[in-house]
Every structure is written in structure tokens, then in C-alpha cells.
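Here's the structure, in C-alpha cells; my notes come after.
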């Protein structure tokens, strides 16, 4: 399993984010209230935000190191990112959206991987539609497929269920679980919902005001609910 090591400090206005953790879990959950620093952490893992001090490495490859002034740009990290609002290209069909990540990364067309991803996410019947014709849950499944077909080493999920109503959440969560169990792509999953985190994460980083207050299995979430 790929090891993710994060040891970062970042000043964000009056807020100081200082977080350190090391994970080799299949799904690392970043759990905490709004403003705890969850999205800022994955933006630094993705390379979208540069850290002030510290180091980030993935499977031994250093992505950021403030001591040596190393910052690997996002497009060279092979890290997929699924945002809360899916961010599909409205002028492209589902098929074209799915192919975007592969083309941008200069990858050969892998018919077998494409078919497996389409089947895994059950989106074959959507391929000729535009994003405006999709439900929120369908858009997230397409965004997930687009990220997977870029063949990432790590997948970042920033509250991918956060903009969905309860019915749509119930519809899409099983696909994320199937991805965890069948695709074997390590993920970092951001959420403030303990129920979602319990169902999907294999280990949990608990954050409060920019600091890691606990790290371990999903049993950490039980006292968090009672607090």
C-alpha cells in the first residue's frame, strides 16, 4: 500500500494550520468541523497550495520540502481530485469528460480500464449526455470516473457528497465503497459527517482548529459524536 506522509505548516490569514500524520490506509479520512483545515490539507497534497514549512511525500517520492525549496507542480504529481461540485465541462459529453484526464496526462487510450471504470460506476447509459442532463449523483460518478482514468497514484475526495441531498447521498455512497474495495486506489476522503466517514474510511485523521488531535481507526468517531 502507498504511504502518504504529511508534515506541514501553513499560515492562512489569522489561522495557522500545523498538521502531521502518516498513513498507509486504503481510505484516509480527514474528519473535523468546517474550518478545521481539511480542504487546505488536500490542496497542499495536490500541489494547489504551497506549504510554508514542512514536507509531503507519497510512497517515498518527495512532493514538497521547504528545506530544499522543492515543490512538484500539480500536473506532475499523478494525484486525482474530485471536488464537492464535480466541475464537469458543460460543453462536453460524459464520454468526452471521462477522456479529458487521460488526454491531459498524455496517456494512451486503455479500452479495458475505460470499460472497467464505466462498469464500476454504472455510467454506461450516460455517455452521450451533457452534464446539464445529469443528476448531482450522476455528475459525481462521472467526475470520479474522469479522475480514475487519469490513472492517479492517489485520489483526493473533497466532501464529494456535501452538495447532495440525503437521497442522492444514499445513491452514490455505495459507488465510493465499491471503488475502495475493487479499484485499490488509495484515497484521502474529506468529510464532517461521521456516518459517511464510518462507512468509507479505513483510518481517520481527526482535526480541530488546524491541528491533528487524534489518528487511528474509525472507532475514533464514536467519542467524536458523543462530545
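The values are calculated or read from the model by the stated rules, or taken from the named source; none is laboratory data. This one's a predicted model, so the numbers in the text were calculated from it and none came from an experiment. Please note: Cβ atoms are built from the backbone with ideal geometry, for glycine as well, and neighbour counts cover all protein chains shown.
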> Looking at 127, 88, which one is surrounded by fewer than 20 Cβ atoms within 10 Å (Cβ to Cβ) and on the phi < 0 side of the Ramachandran plot?
Replying inline: 127
> Within region 206-215, can one find any residue that is more than 14 Å from the chain's Cα centre (by Cα), buried (at least 18 other Cβ atoms within 10 Å of the Cβ) and at pLDDT below 90?
Replying inline: no
> Among 161, 155, 148, which is part of a helix (DSSP H, G or I), within 14 Å of the chain's Cα centre (by Cα) and crowded, with 17+ Cβ neighbours inside 10 Å?
Replying inline: 148
>> Condition first: more than 24 Å from residue 40 (Cβ to Cβ), in contact with a helix residue (DSSP H, G or I) (Cβ under 9 Å, 6 or more places away or on another chain) and not in a loop (DSSP other than H, G, I, E, B). Can you find one or more residues in region 183-194 that meet it?
In response: no
> Is it the case that some residue within region 164-182 is buried (at least 21 other Cβ atoms within 10 Å of the Cβ) and touching a strand residue (DSSP E or B) at 6+ places or on another chain (Cβ under 6 Å)?
Replying inline: no
> Within the group 190, 185, which residue is at pLDDT 95 or above and either buried (at least 17 other Cβ atoms within 10 Å of the Cβ) or more than 29 Å from residue 17 (Cα to Cα) (or both)?
Replying inline: 190
> Here are 31, 21, 83, 89: which of them is touching a residue at least 60 places away in the same chain (Cβ under 8 Å) and over 20 Å from residue 161 (Cβ atoms)?
Replying inline: 21
